Amino acid sequence: MDGVVVVDAANVVGSVPDGWWRDRRGAAERLRDRLAVLAGAGLPARPGVPGWATDPPVDIVMVVEGAARGVEPVAGVRVESAPGSGDDHIVAVVAAREEDRPCLVVTADQELRARVTALGAQTTGPRSVRPNGSS
């Protein structure tokens, strides 16, 4: 069974101080577009990225919150707008996946990592999907 990659959009976008705060929605849309490429090509092979996530196609869910809510999905990337806390919504997505389906959560948030790891997910940092991000 193929796995799912769940991306903490706010955390990944915020990992590079490139002016994203001036246009949060636009920054989320640029991330979504980068994720669409990775959905078709696979995530780059690097420490912390399981082999299944490097083998295309990759099922990607990007969770957005706040000003980025309402970003539209594109081929290869399902976008979910968190009604409240993005972290809580990510945990809900991980918990709702099919039993035994591998899951990789992309975030640098240590508390979120602990929460999803407790549900059986693996975690990796923003550099897995955004080369200039933090690990």
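In the list A108, A67, which residue meets the criterion of being at pLDDT below 95 and either open to solvent by 50 Å² or more (accessible area, probe 1.4 Å) or assigned to a strand (DSSP E or B) (or both)?
Sole residue among the options that is at pLDDT below 95 and either open to solvent by 50 Å² or more (accessible area, probe 1.4 Å) or assigned to a strand (DSSP E or B) (or both): A67.
Can you tell me which residues in the range 49-64 are in contact with a strand residue (DSSP E or B) (Cβ under 8 Å, 6 or more places away or on another chain) and open to solvent by 40 Å² or more (accessible area, probe 1.4 Å)?
D59
Provide a single number: the residues in the range 111-126 that are open to solvent by 80 Å² or more (accessible area, probe 1.4 Å) and either under 16 Å from L35 (Cα atoms) or not in a helix (DSSP H, G or I) (or both).
Residues in the range 111-126 being open to solvent by 80 Å² or more (accessible area, probe 1.4 Å) and either under 16 Å from L35 (Cα atoms) or not in a helix (DSSP H, G or I) (or both): 2 in total.
Working only within the range 70-100, note down all residues that are more than 14 Å from the chain's Cα centre (by Cα) and assigned to a helix (DSSP H, G or I).
A95, A96
Which residue out of V49, V4, V12 is closer than 17 Å to V64 by Cβ and in contact with a Leu (Cβ under 7 Å, 6 or more places away or on another chain)?
The conditions single out V12.
C103 passes all but one of (1) open to solvent by 40 Å² or more (accessible area, probe 1.4 Å); (2) more than 15 Å from N11 (Cβ to Cβ); which number fails?
Just one mismatch for C103, condition (1).
Restricting to the range 15-48, name every residue that is open to solvent by 20 Å² or more (accessible area, probe 1.4 Å), of a type in the set (A, V, I, L, M, F, W, C) and under 13 Å from the mean Cα position of the chain (by Cα).
A36
Answer yes if at least one residue in the range 26-36 is at pLDDT below 95 and in a loop (DSSP other than H, G, I, E, B), and no otherwise.
no
If the requirement is being under 16 Å from G125 (Cα atoms), β-branched (V, I, T) and in contact with a Cys (Cβ under 9 Å, 6 or more places away or on another chain), which of these qualifies: V5, V63?
None of the other options fit; the residue is V5.
The values are calculated or read from the model by the stated rules, or taken from the named source; none is laboratory data. It should be emphasised that the depicted structure is a prediction, and the values quoted were computed from it without experimental measurement. Heads up, the Cβs are rebuilt from the backbone with ideal geometry, glycines too, and the neighbour counts pull from every protein chain shown. Side chains included, ligands, DNA and RNA excluded: accessible areas come from the protein's heavy atoms. Shrake-Rupley method; radii C 1.70, N 1.55, O 1.52, S 1.80 Å.
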